[in-house]
1. Look through TYR123, TYR130, TYR138 and report the one residue that is assigned to a helix (DSSP H, G or I) and surrounded by fewer than 24 Cβ atoms within 10 Å (Cβ to Cβ).
2. Within segment 150-194, track down each residue that is hydrophobic (A, V, I, L, M, F, W, C), more than 21 Å from the chain's Cα centre (by Cα) and surrounded by fewer than 17 Cβ atoms within 10 Å (Cβ to Cβ).
3. Taking the condition of being assigned to a loop (DSSP other than H, G, I, E, B), touching a strand residue (DSSP E or B) at 6+ places or on another chain (Cβ under 9 Å) and farther than 14 Å from PRO161 by Cα, how many residues in segment 211-232 meet it?
4. If you take the residues in segment 344-358 that are among the hydrophobic types (A, V, I, L, M, F, W, C) and modelled with pLDDT under 95, which one is surrounded by the most Cβ atoms within 10 Å (Cβ to Cβ)?
5. Quickly run through segment 109-120 and pick out the residues that are under 17 Å from ASP177 (Cβ atoms) and buried (at least 24 other Cβ atoms within 10 Å of the Cβ).
6. For segment 302-313, which residues satisfy the criterion of being farther than 25 Å from GLY363 by Cα and either in contact with a Lys or Arg (Cβ under 8 Å, 6 or more places away or on another chain) or crowded, with 18+ Cβ neighbours inside 10 Å (or both)?
7. Could you tell me which of the residues GLU316, GLU333 is of a type in the set (Asp, Glu), under 20 Å from LEU83 (Cβ atoms) and open to solvent by less than 30 Å² (accessible area, probe 1.4 Å)?
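The values are calculated or read from the model by the stated rules, or taken from the named source; none is laboratory data. Please read these numbers as outputs of a predicted model, since none were measured by experiment. Cβ sites come from the backbone with ideal geometry, for glycine too, and all protein chains shown count toward neighbours. Heavy atoms of the whole protein, side chains included, go into the accessibility calculation; ligands, DNA and RNA do not. Shrake-Rupley method; radii C 1.70, N 1.55, O 1.52, S 1.80 Å.
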Amino acid sequence: MRMFYPSMVRAMTLGLALGVCAFGAEAQSPAPRTAQAPERKAFSAQDQAAAGLPAFPDSRFFADSAADFRLALPPRPGPWLALSAGGEDGAFGAGVLTGWSGRGRPEFALVSGVSTGALIGVYAFLGASYDAALEAAYTTINAADVFEAAGTPESLVDAWPLRRLVDRSISARLLRDVAAAHEAGRRLFVVTTNLDAGRPVVWNMGAIARRSGEEALALFKQVLLASSSIPGVFQPMLIDVHAAGRTFHELHVDGGLASPFYVAPESLVQDGAADLPLSELYILVNGKLTVDFGLTQRKVLPILGRSFSVALKAGERLAITAWSSWAQARGVELKVAKIPPGFALQSKGSFDPDYMKALFSEGRQSMRLGRAFEARAAPRRDQGESATAGLPR
């Protein structure tokens, strides 16, 4: 069983690169404020292979590295939560999580997040005590809190407001809470895409947090911003690394380039062969899995935007189908939540507050009523330990 296909990845890459289509008239190629970005220090593929962060030696690994993934896993089995990309539709996921608290949300052994799912994932990882902050993050903002319609040499809009928002939201106290959960054996993963290496990177956020201090806080924020940086639309993040006595910058962008969500490396789950330390798997899709009807204008951007929306939704369905097959083969309970097809309210623009509030309410109410998650694979009751059999406890 192959989890992701090259054609799907290409479609997602192009779709995200053309994410400006979602911004409409707000991002019609504004003139850049500066003529060009500063020159980058050149480095080789060998430098990249050896690159690391000396102060945070266990903070990251390539998302396709099975060996490094194994080393980063939680020591004990438990429920896992994977949060997808989705931009402003992350309001739905935020609503689901806050509604879940009232029904007894589990303490997740592992939470992974991509793009907007990375921002939600921090609060999901920390539990119900952060529900108020999660709700505020998706119901009290508008487009001006995320970007300014002013181009840069690297992007169609300037994401300085998002940087300010993340800076205000991620505190030293939050970092300590993430570190404490990590020390207790739980894991928080955030995915970015290293454009230089051409590979997705998983950041072990608890390993960063437990170092504490200003350097850890700054890197934690950088990773969250990188995971949400739609290439060509928002500025990429430059992350300082070291190799062979040299210091240089890697260019990191949205983790959704490789996959809409992240559970494990493809090589570990081919043919349903992998044992993973999870008791249940929840996938929270910040969006619909189908494209609503819409009359497409006969202009380049609307045609491209509509076309890639169709491709992206197909990619999400493919990824969920693949994980459903894996879970069924391993006897793992898999549940998927998504925006219901019947949610008809349309956004009036990027990060429309009324749309996001309504979407948050939809997610919270659907979870309170017990209908947010749909079972895609059921546990095998004839096996004592199913998916976690043979793993150390």
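1. Working: TYR123 fails: surrounded by fewer than 24 Cβ atoms within 10 Å (Cβ to Cβ); TYR138 fails: surrounded by fewer than 24 Cβ atoms within 10 Å (Cβ to Cβ).
When all the criteria are applied, what remains is TYR130.
2. Of everything in segment 150-194, those that are hydrophobic (A, V, I, L, M, F, W, C), more than 21 Å from the chain's Cα centre (by Cα) and surrounded by fewer than 17 Cβ atoms within 10 Å (Cβ to Cβ) turn out to be ALA150, ALA172, ALA180, ALA184.
3. Here is the first cut: in segment 211-232, the residues assigned to a loop (DSSP other than H, G, I, E, B) are 211-212, 228-230, 232.
Checking the rest, the ones that are also touching a strand residue (DSSP E or B) at 6+ places or on another chain (Cβ under 9 Å) come to 228-230, 232.
Next, only the ones that are farther than 14 Å from PRO161 by Cα stay: 230, 232.
Of the residues in that region, 2 qualify.
4. As a first pass, look at segment 344-358 and keep what is among the hydrophobic types (A, V, I, L, M, F, W, C): 344-345, 351, 356, 358.
The next check asks that each one be modelled with pLDDT under 95; those that pass are 344-345, 351.
Numbers: ALA344: 8, LEU345: 12, PHE351: 20.
This residue is PHE351.
5. The first filter runs over segment 109-120 and keeps only residues under 17 Å from ASP177 (Cβ atoms), leaving 109-111, 113, 118-120.
Listed by number, the residues that qualify are LEU110, VAL111, GLY113, ALA118, LEU119, ILE120.
6. GLY305, PHE308
7. Numbers: GLU333 fails: open to solvent by less than 30 Å² (accessible area, probe 1.4 Å).
Step by step, each of GLU316, GLU333 is checked, and only GLU316 is of a type in the set (Asp, Glu), under 20 Å from LEU83 (Cβ atoms) and open to solvent by less than 30 Å² (accessible area, probe 1.4 Å).
Residue-by-condition table, conditions (1) surrounded by 16 or more Cβ atoms within 10 Å (Cβ to Cβ); (2) closer than 27 Å to ALA197 by Cα:
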site	(1), (2)
TYR262	yes, yes
VAL269	yes, yes
LEU278	yes, no
TYR282	yes, no
GLY287	yes, no
LYS299	no, no
